[in-house]
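Single-structure report; data block below.
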Protein chains: 4
Amino acid sequence: MLTRYFHTFSDSSYSPFPCREGGRGVRFYLEFESRVANISILPKMKKIIIGVMGPGSGATSTDLKNAYKLGQLIAQESWVLLTGGRNMGVMDAASRGAKSVNGLTIGILPGDNLDGMSEAVDIPIVTNMGNSRNNINVLSSDVVIACGMGVGTASEVALAIKNNKRVILLSSNSESQAFFVSLSPETVFVVDSPESAIEVLKNWV
Amino acid sequence: MLTRYFHTFSDSSYSPFPCREGGRGVRFYLEFESRVANISILPKMKKIIIGVMGPGSGATSTDLKNAYKLGQLIAQESWVLLTGGRNMGVMDAASRGAKSVNGLTIGILPGDNLDGMSEAVDIPIVTNMGNSRNNINVLSSDVVIACGMGVGTASEVALAIKNNKRVILLSSNSESQAFFVSLSPETVFVVDSPESAIEVLKNWV
Amino acid sequence: MLTRYFHTFSDSSYSPFPCREGGRGVRFYLEFESRVANISILPKMKKIIIGVMGPGSGATSTDLKNAYKLGQLIAQESWVLLTGGRNMGVMDAASRGAKSVNGLTIGILPGDNLDGMSEAVDIPIVTNMGNSRNNINVLSSDVVIACGMGVGTASEVALAIKNNKRVILLSSNSESQAFFVSLSPETVFVVDSPESAIEVLKNWV
Amino acid sequence: MLTRYFHTFSDSSYSPFPCREGGRGVRFYLEFESRVANISILPKMKKIIIGVMGPGSGATSTDLKNAYKLGQLIAQESWVLLTGGRNMGVMDAASRGAKSVNGLTIGILPGDNLDGMSEAVDIPIVTNMGNSRNNINVLSSDVVIACGMGVGTASEVALAIKNNKRVILLSSNSESQAFFVSLSPETVFVVDSPESAIEVLKNWV
């Protein structure tokens with residue numbers, strides 16, 4: 001079933017910047033283009049930011065192992081890792097993976113202070129917004145990877161699609177794959193390993 | 001398939017205040033209890049607020065008809081209707097239905113002013129939070145009804161479950177039913193008509 | 001000193017819709033105009049909402065007395081009262097005043113549930129945004145009245161000015177009057193009684 | 001007049017962690033202590049983040065010069081700079097100053113995309129919250145420096161005090177100094193140069 005959703009760089013019909021509803025995809029593409037065009041004149045400093053979302057207390061051991069590996073691979077590409085910042089589950093494991101290879105980690109925290117923050121977060125953004133911060137998580141990520149699935153993660157995947165971000169689903173169950181791919185077949189991608197997620201990402205960023 | 005998910009008041013195993021993860025369901029129940037107990041001493045003014053969520057521009061004609069009817073039925077119970085407040089789709093139709101029988105309507109707007117507000121909104125709450133306002137929509141509703149399905153609605157259903165709110169799905173497709181019921185079988189209910197939604201609501205509020 | 005800031009309807013230079021930075025004041029005026037022009041065709045339902053902001057635990061007895069009276073007077077004009085919704089200080093006193101004459105009260109709550117809500121709130125909006133909800137308080141109010149002064153109130157007055165809302169300062173000290181009037185002399189008004197605040201409001205809404 | 005508010009490290013009564021209302025100041029101190037104590041066992045990665053707030057389009061040439069210098073000095077201490085992220089005024093100047101010496105810069109953006117971002121921002125946090133993001137700005141900063149004054153800056157200073165953050169006012173006018181020092185004499189500090197601001201900061205972080 002995976003092959004139905006898995007878009008690879010060898011796919012001849014692959015479009016690096018799919019455009020949903022005409023507008024934003026095109027602008028996104030132009031921004032990337034102009035960044036390259038202008039780079040000798042005025043380099044933009046913006047780093048590539050990859051968001052890894054996933055369950056906290058409900059994460060499985062597979063989710064944790066995948067998240068740690070994702071964090072490592074993202075950092076090795078010199079991308080910045082963004083998570084929900086808490087000291088549990090996928091957020092913590094991905095951040096620890098990134099730090100194990102000296103990556104840079106951002107944590108978008110739900111509370112009004114640093115309580116419960118993962119020790120592997122370099123830059124905590126303290127929102128005091130609870131689950132409303134989920135929208136910030138996805139808006140601030142160039143691409144969103146959902147590692148495992150839970151209700152919080154489901155809200156993030158839905159918000160990512162709503163904001164026209166591309167989403168990669170890793171170790172998600174069949175119900176969630178069927179649901180999210182039905183919502184947005186062109187921007188939701190299903191992969192079966194952290195390495196595959198990175199391969200997909202490399203075509204975009 | 002609906003009967004598998006449809007909990008009615010005649011269901012002998014029906015629990016009016018299902019408790020997820022022990023804590024908040026119980027507290028919610030106690031709050032309701034104390035409200036009744038204290039009513040002769042110090043009446044709380046809080047009105048019952050029913051949130052109706054659903055697609056904007058992507059709403060089907062069935063969604064719109066159901067939303068209008070839901071608005072009417074909610075207002076006839078003297079409950080307050082809460083929507084995302086915009087002048088399109090399910091938000092607008094539900095608000096118009098409620099106003100057609102002199103109900104009170106709240107609209108939680110995404111922008112920083114009244115542009116694009118449904119004319120059937122009495123009380124606009126201007127958030128300037130875009131889709132982050134979806135969390136406010138569900139937190140402010142005693143129960144959430146999803147009328148149709150789209151990406152924004154999906155985020156609201158997920159956030160409602162996350163916040164331990166009960167959710168009623170109306171005219172949703174099979175993928176969304178399967179997904180959300182798998183996420184939280186005890187707090188997600190599937191119905192097939194506005195009238196059934198009201199019957200379910202009457203057991204709770 | 002008050003006469004320097006106190007703009008009354010008899011002031012010949014008084015402009016009912018002062019325009020800051022060209023744009024929004026004019027648009028606001030046109031919206032009001034078009035509402036009147038269209039009223040026989042399609043009445044907008046939106047109610048007039050007056051926000052009363054002020055200290056919680058730090059409120060003085062004068063602040064509380066003024067807030068209660070403001071709530072009464074606002075409700076007697078059939079306007080809706082909006083506050084921060086908590087069961088203390090100016091928020092609670094204003095809401096109780098409005099309910100004493102059967103007004104309608106909205107409370108924009110900082111937490112993720114109804115804990116700590118004033119019993120005089122009809123419609124709680126549950127934001128889970130802490131002090132970030134202060135921006136919602138002022139955006140959702142047609143006019144903001146600051147009754148007393150504290151750090152939270154100061155943030156609301158500043159955000160109200162930023163969002164081009166008119167602000168009335170009641171029982172504020174000389175430092176706050178001097179500061180906020182210096183920030184925006186054309187949209188900040190100083191009054192010395194709840195009755196004066198209502199007189200000023202009547203010229204606008 | 002400055003000497004009345006200017007707390008320097010040579011001030012014998014100087015307390016590095018002033019405690020407002022008993023609770024949070026003490027906890028903050030203990031967190032710092034425990035971080036030092038634990039550093040050989042499990043180093044926390046969190047970087048020191050200094051927020052520089054100030055006017056956008058209304059910034060004076062003095063504000064801009066001070067902001068650029070602040071950015072440089074902050075980066076030279078290996079602290080991270082946090083601003084509102086836009087390509088104008090104090091936000092832009094401070095970010096450019098930090099990048100001129102290879103600092104790391106965070107921008108908390110008000111919109112839902114990167115439009116209008118300063119080119120000197122490394123890590124944009126995309127909030128889609130408009131001025132509500134001001135609360136995130138101050139919550140995410142270990143200390144807040146206001147460089148110049150405007151209505152947005154005033155809201156940030158008030159929110160910083162509300163959240164028990166220490167605030168340094170630079171090149172502010174006498175009305176704003178008098179007002180904010182009256183609100184919180186123990187956590188608001190007035191300085192007259194970027195270098196003085198850094199001297200004060202060094203005693204805290």
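Taking residue C:200, is it away from every other protein chain (no Cβ under 12 Å) and modelled with pLDDT of 95 or more?
Yes; evaluated as a whole, the condition is true for this residue.
Return yes or no: is residue B:190 modelled with pLDDT of 95 or more and either of a type in the set (D, E, K, R) or in contact with a strand residue (DSSP E or B) (Cβ under 7 Å, 6 or more places away or on another chain) (or both)?
Here the answer is yes, as residue B:190 does meet what is asked.
Against the condition assigned to a helix (DSSP H, G or I), of a type outside the set (A, V, I, L, M), facing another protein chain (nearest Cβ under 8 Å) and touching a helix residue (DSSP H, G or I) at 6+ places or on another chain (Cβ under 6 Å), how does residue B:134 come out, does it pass?
When the stated conditions are applied, residue B:134 passes them.
I want to confirm something. Restricting to the range D:95-110 and keeping residues that are touching a Lys or Arg at 6+ places or on another chain (Cβ under 9 Å) and not in a strand (DSSP E or B), which single residue is nearest to residue B:132 (Cα to Cα)?
D:110
Got a sec? Which of A:190, A:143, A:126 is β-branched (Val, Ile, Thr), over 25 Å from residue B:173 (Cα atoms), in contact (Cβ under 8 Å) with a residue 60 or more places away in the chain and assigned by TED's automatic domain parsing to the domain that holds residue A:200?
None of the other options fit; the residue is A:143.
Out of B:171, B:155, B:132, B:182, report the one residue that is of a type in the set (Gly, Ala, Ser) and in contact with a strand residue (DSSP E or B) (Cβ under 7 Å, 6 or more places away or on another chain).
None of the others qualify; the one that does is B:171.
Does residue D:85 satisfy the condition of being assigned by TED's automatic domain parsing to the domain that holds residue D:197 and surrounded by fewer than 24 Cβ atoms within 10 Å (Cβ to Cβ)?
So residue D:85 fails the test.
Being modelled with pLDDT of 95 or more and assigned to a strand (DSSP E or B) is the requirement here; does residue C:159 meet it?
Answer is no for this residue.
Every residue in the range A:88-128 that is more than 8 Å from chain D (Cβ to nearest Cβ) and crowded, with 24+ Cβ neighbours inside 10 Å, please.
A:89, A:90, A:91, A:92, A:93, A:94, A:95, A:97, A:98, A:107, A:109, A:118
Would you check which residues across the range C:94-126 are of a type in the set (A, V, I, L, M) and under 18 Å from residue C:78 (Cα atoms) and list them?
Hits for the range C:94-126 are C:94, C:98, C:101, C:104, C:106, C:120, C:121, C:123.
When residues of the range A:80-93 are filtered for being in contact with a strand residue (DSSP E or B) (Cβ under 9 Å, 6 or more places away or on another chain), farther than 24 Å from residue A:45 by Cα and not in a strand (DSSP E or B), how many remain?
Final tally of qualifying residues: 5.
From the list C:77, C:119, which one is closer than 29 Å to residue C:203 by Cβ, acidic (Asp, Glu) and either free of Cβ contacts under 8 Å to residues at least 12 places away in the same chain or assigned by TED's automatic domain parsing to the domain that holds residue C:135 (or both)?
Being closer than 29 Å to residue C:203 by Cβ, acidic (Asp, Glu) and either free of Cβ contacts under 8 Å to residues at least 12 places away in the same chain or assigned by TED's automatic domain parsing to the domain that holds residue C:135 (or both) holds for just one of C:77, C:119, which is C:77.
Could you run through the range A:169-184 and say how many residues are in contact with a Phe, Trp or Tyr (Cβ under 8 Å, 6 or more places away or on another chain) and either without any contact (Cβ under 8 Å) to a residue 12 or more places away in the chain or not assigned by TED's automatic domain parsing to the domain that holds residue A:55 (or both)?
Counting residues in the range A:169-184 that are in contact with a Phe, Trp or Tyr (Cβ under 8 Å, 6 or more places away or on another chain) and either without any contact (Cβ under 8 Å) to a residue 12 or more places away in the chain or not assigned by TED's automatic domain parsing to the domain that holds residue A:55 (or both) gives 3.
Restricted to the range B:162-186, and to residues that are in a loop (DSSP other than H, G, I, E, B) and at the interface with another protein chain (Cβ under 10 Å from one of its Cβ atoms), which residue is surrounded by the fewest Cβ atoms within 10 Å (Cβ to Cβ)?
B:173
Among the candidates A:42, A:64, A:82, A:109, single out the residue that is closer than 22 Å to residue D:118 by Cα and either in contact with a Leu (Cβ under 7 Å, 6 or more places away or on another chain) or modelled with pLDDT of 95 or more (or both).
Within the list A:42, A:64, A:82, A:109, the selection yields A:82.
The values are calculated or read from the model by the stated rules, or taken from the named source; none is laboratory data. This one's a predicted model, so the numbers in the text were calculated from it and none came from an experiment. Note: ideal-geometry Cβ built from the backbone for every residue, glycine included; neighbour counts use all protein chains shown.
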